Amino acid sequence: MEQPLAPAKPEYWSRAAAEVSASLGSSASGLAQAQAARRLHPEARARLERRAAIAALRLLARQFRSPMVLILVFGAAVSMLLRNWTEAAIILAIVLGSTLLGFAQEYRADAAVAALRRRLALTVRVLRGGIERDVPAAAVVPGDVILLSAGNLVPGDGLVLEANDFLVTEASLTGESFPVEKQPGVLPAATPLARRSNCVFLGTSVRSGSARVLVVHTGRDTAFGEVAARLAAPPPESEFARGVRQFGGMLMRVMIVMVLFVLVVNQLLGRAPLDSLLFAVALAVGLTPELLPAIVSVTLARGARAMARRGVIVRRLDAIEDLGGIDVLCTDKTGTLTEGVITLDAAVDPQGQPSAHVRRLAFLNAALETGIENPLDAAIVAMGERDGLSTAGARKIDEIPYDFIRKRLTIVLEDGEAAGHLVVTKGAFANVLAVCTIEPALRESCEVYYRERSAEGFRVLAVASRRCAPREHYAREDEGGMQLEGFLLFFDPPKSGAARIIAELAALGIGIKVITGDNRYVSSHLAQAVGLDPGAMLTGEEINRLKDESLWHLAGRTVLFVEVDPQQKERIVNALQRTGHSVGYLGDGINDAPALHAADVGISVDGAVDVARESADVVLLRPDLEVLRRGVRDGRATFANTLKYIGITTSSNFGNMVSMALATPLLPFLPLAAKQILLNNFLADLPSIAISTDRVDAERLASAQRWDVAAVRRFMVVFGLLSTVFDLLAFALLLLVFNADESTFQTAWFVISLLTELAVLMVLRTHGPAWRSAPSRLLLWTAAAVAACALLLPYTGAPAVLFGFVPLGAPLVAAAVAIVAAYVAATEAAKLRFFAAR
């Protein structure tokens with residue numbers, strides 16, 4: 001049995017790596033797999049299992065957190081104190097039925113979303129027993145030896161054992177915006193966190209290079225633990241959640257007015273206090289769509305599952321509504337507007353002639369680099385291997401990693417061909433020429449060649465080299481006095497369907513903005529090929545000269561943002577948001593993370609680097625705008641179905657509650673008993689579970705939808721009061737024509753009320769004529785089943801007696817059906833007029 005792991009001393013950065021490793025029971029080959037599993041089981045795994053159980057219990061408790069549910073429970077308690085057991089049992093049964101139904105639906109929704117998130121769980125390359133393997137980031141334990149490379153997120157605090165041009169972004173922890181170089185070593189115990197160059201920390205990300213790291217702390221024991229605890233707090237309120245909250249506040253105000261009115265009237269009429277209280281409480285609950293949390297969760301989770309089947313995985317459920325609401329999509333061009341299959345078309349000398357020498361230098365540079373993996377280097381290596389090139393005879397001495405400021409990558413090597421070291425640099429045209437010694441005439445001819453090839457759609461990189469005296473270490477300052485060797489021409493053809501998809505996105509009200517570091521010429525060529533305006537362009541240099549107010553003015557009219565750096569990407573997103581746009585940002589690189597954070601919806605792809613994927617709200621299983629287009633439509637359909645439930649249920653409930661409030665002072669008895677109101681509300685909500693499966697009109701998918709509480713209130717009042725008109729007509733018919741007593745009146749109006757709610761569900765679920773838009777089968781058959789239940793309930797014997805129902809005669813049933821039919825016709829006419837006026 002392994003002894004419990006003693007925590008590492010806090011000053012591990014001041015001790016030799018071997019000593020720290022021994023204190024953790026580890027070695028250079030890492031932990032044994034069984035040893036790591038034993039450490040994980042009593043700690044992380046147990047915590048995860050407890051967390052899952054606690055989450056379920058919290059979800060169940062949340063169902064009882066609603067003030068209305070608590071009021072109902074209070075009413076049931078009062079009934080029990082007064083020994084009114086039947087009333088108490090009915091109230092509790094309906095409360096339990098609603099809450100357990102809500103819990104079951106939300107639990108299933110949460111489980112489905114959790115399963116989708118597990119598909120995107122981060123993995124870490126770990127050395128276990130000397131064998132490299134991928135394990136979930138959550139399974140990393142103290143003593144593990146992990147292998148990090150560019151784009152990885154660091155899964156714990158650790159000590160650097162080996163490093164190769166290893167740069168780490170620590171802004172999330174220290175606020176330092178520039179990457180920090182990390183190297184093995186021993187530092188004084190008093191070294192502050194920001195200067196611990198031999199350590200890496202949880203929550204930071206690898207910018208370039210690679211390293212081998214001994215994990216010392218994980219989870220709450222890390223330097224990031226305190227920050228992580230703050231991140232575990234509820235996130236900032238999303239637009240969707242804000243809409244739900246504002247809607248709830250509006251309902252609460254209406255509810256308070258109605259409840260106080262009914263209580264005062266009932267007391268003035270001298271009715272029993274308990275009956276009045278229960279009636280008022282039931283009236284309040286009748287107005288409330290108590291299944292709203294479950295309906296929202298079910299609808300969003302079903303939308304998430306449908307989107308996953310189409311290649312879109314949602315990491316944050318509210319992002320479904322946000323995705324459906326975007327009107328601007330910012331994207332790079334590689335892999336979305338282009339095929340994403342980059343090939344090296346040619347390697348040429350400064351005069352534009354094919355050059356085997358340039359090809360070999362580029363191959364050595366790409367094959368020996370250990371920093372950021374990228375498709376350009378992959379294309380160079382693939383070309384070299386096809387041509388029989390290899391790194392045999394070459395020994396790498398050092399590497400000056402690529403970064404997004406220099407836009408160059410330099411490899412220093414020994415090649416045996418001449419004395420000294422060979423320095424080989426490749427990178428962006430202007431950035432490489434900036435470190436070359438070159439004649440003005442040659443520079444001018446090279447710039448002409450660069451513009452011509454770029455205008456043909458080629459991406460052009462420059463290659464330079466120089467010989468120097470050997471030394472141990474090289475830095476950025478050594479990139480100077482280089483000799484220009486030639487150029488590399490890459491080609492990535494436009495996607496065949498890109499122009500069609502862009503047009504379809506435009507039809508959905510979504511404009512495309514291309515944000516790229518590529519030069520203006522190749523970007524313009526691509527824009528023209530896919531149907532975008534190549535003249536609506538801003539360069540990074542121009543953006544730097546613009547004040548924020550000027551950028552706000554120009555951003556909406558610009559299609560191509562070219563030659564930009566990562567900070568400018570974020571600034572562009574902020575400018576578009578400032579002018580009222582809802583922005584989606586699609587990116588997959590390290591330099592996209594700031595913009596992904598800033599966007600209303602951050603969108604990445606399954607193959608993106610860790611830091612980009614973790615910054616995103618939505619992940620595409622492949623970098624394809626067609627997949628994104630379907631995701632937008634799914635998001636809009638999901639949000640539309642959520643609004644259907646809210647609008648239809650609140651208008652029906654509002655109408656019924658107004659009717660009962662108005663009838664209360666005019667009738668010698670309550671229009672419905674409290675238990676009948678609760679049963680009515682419960683049965684009417686059952687078909688609502690199926691709303692998530694309903695079809696959505698094409699016109700509601702054609703543009704972004706937003707939460708509009710004023711529109712919901714207007715809808716509720718118009719169709720609620722229309723319902724009240726027919727309710728009052730039914731009251732008059734029951735009292736004046738059929739001379740209904742209390743039981744008959746309550747039974748008949750229960751049936752009429754429930755049938756009208758089901759019928760109006762079929763009418764108001766579409767903005768167009770109801771007969772032109774068929775509901776989903778599940779919604780139709782669920783509504784039909786509840787309608788049959790409403791008609792048969794008065795004839796069921798004991799259940800009917802329990803709820804105070806009596807059988808209805810055929811003439812009364814026929815009259816009820818006629819009232820429902822007239823109400824449906826009036827609602828259809830009012831609906832067409834209501835939506836035509838908007």
(request) Test E504 against the stated conditions and say whether it is part of a helix (DSSP H, G or I), under 24 Å from P566 (Cβ atoms) and open to solvent by 30 Å² or more (accessible area, probe 1.4 Å). (result) no
(request) Just one of (1) within 17 Å of P775 (Cα to Cα); (2) out of contact with any Lys or Arg (no Cβ under 9 Å at 6 or more places or on another chain) trips up V717, so point out which. (result) (1)
(message) Filter segment 591-608 down to the residues that are crowded, with 24+ Cβ neighbours inside 10 Å and in a helix (DSSP H, G or I) and list them by number.
(response) D592, A593, A595, L596
(message) Of everything in segment 696-707, what is outside any helix (DSSP H, G or I), under 10 Å from A640 (Cβ atoms) and among the basic types (K, R)? Give them in sequence order.
(response) none
(request) Can you give me the number of residues within segment 525-568 that are under 23 Å from K495 (Cβ atoms), open to solvent by 10 Å² or more (accessible area, probe 1.4 Å) and either assigned to a helix (DSSP H, G or I) or of a type in the set (G, A, S) (or both)? (result) 7
(request) Give V618, V601, V632 a once-over and let me know the one that is within 28 Å of R714 (Cβ to Cβ) and either at pLDDT 85 or above or touching a Phe, Trp or Tyr at 6+ places or on another chain (Cβ under 7 Å) (or both). (result) V632
(request) Among the residues of segment 609-630, count how many are under 23 Å from R571 (Cα atoms) and either free of Cβ contacts under 8 Å to residues at least 40 places away in the same chain or not in a loop (DSSP other than H, G, I, E, B) (or both). (result) 8
(request) Could you list all residues from segment 575-611 that are touching a helix residue (DSSP H, G or I) at 6+ places or on another chain (Cβ under 7 Å) and of a type in the set (D, E, K, R)? (result) R578, D588, D592, D600
(request) Name the single residue, out of those in segment 302-342 being part of a loop (DSSP other than H, G, I, E, B), at pLDDT 80 or above and in contact with a Pro (Cβ under 6 Å, 6 or more places away or on another chain), that is most open to solvent (accessible area, probe 1.4 Å). (result) E339
(request) Only residues that are surrounded by fewer than 16 Cβ atoms within 10 Å (Cβ to Cβ), hydrophobic (A, V, I, L, M, F, W, C) and over 15 Å from T744 (Cα atoms): list them for segment 781-824, please. (result) W781, A784, A785, A788, C789, A798, V817, A818, A821, A822
(message) Please verify whether V717 is assigned to a helix (DSSP H, G or I), surrounded by 14 or more Cβ atoms within 10 Å (Cβ to Cβ) and either at pLDDT below 90 or not hydrophobic (A, V, I, L, M, F, W, C) (or both), treating the condition exactly as stated.
(response) yes
(request) Considering each residue of segment 471-501, count those that are closer than 17 Å to T425 by Cα and open to solvent by 60 Å² or more (accessible area, probe 1.4 Å), and give that number. (result) 4
(request) Filter segment 421-441 down to the residues that are over 45 Å from the mean Cα position of the chain (by Cα) and surrounded by 14 or more Cβ atoms within 10 Å (Cβ to Cβ), then identify the one that is farthest from S465 (Cα to Cα). (result) I438
(request) State whether the residues of segment 346-361 include one that is touching a Pro at 6+ places or on another chain (Cβ under 9 Å), buried (at least 21 other Cβ atoms within 10 Å of the Cβ) and more than 17 Å from V424 (Cβ to Cβ). (result) no
(request) Output the residues belonging to segment 343-375 that are touching a Leu at 6+ places or on another chain (Cβ under 8 Å) and either part of a loop (DSSP other than H, G, I, E, B) or charged (D, E, K, R) (or both). (result) D345, P350, R359, R360, E369, G371
(request) Determine whether G156 is buried (at least 20 other Cβ atoms within 10 Å of the Cβ), closer than 26 Å to S14 by Cα and either within 27 Å of the chain's Cα centre (by Cα) or at pLDDT below 85 (or both). (result) yes
(request) Taking the residues in segment 792-838 that are among the small types (G, A, S) and assigned to a loop (DSSP other than H, G, I, E, B) as candidates, determine which candidate is modelled with the highest pLDDT. (result) G809
(message) Could you go through segment 802-811 and let me know if any residue there is free of Cβ contacts under 8 Å to residues at least 12 places away in the same chain, small (G, A, S) and farther than 22 Å from G655 by Cα.
(response) yes
(message) When the residues of segment 384-409 are narrowed to those that are touching a Lys or Arg at 6+ places or on another chain (Cβ under 8 Å) and under 15 Å from R360 (Cα atoms), which ends up surrounded by the fewest Cβ atoms within 10 Å (Cβ to Cβ)?
(response) D387
(request) Confirm whether L187 is modelled with pLDDT of 85 or more, over 28 Å from the mean Cα position of the chain (by Cα) and buried (at least 18 other Cβ atoms within 10 Å of the Cβ). (result) no
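The values are calculated or read from the model by the stated rules, or taken from the named source; none is laboratory data. None of these values were measured; they are calculated from a predicted model. We place every Cβ from the backbone using ideal geometry, glycine too, and count neighbours over all the protein chains shown. Heads up: the accessible areas ignore ligands, DNA and RNA and are worked out on the full protein's heavy atoms, side chains in. Shrake-Rupley method; radii C 1.70, N 1.55, O 1.52, S 1.80 Å.
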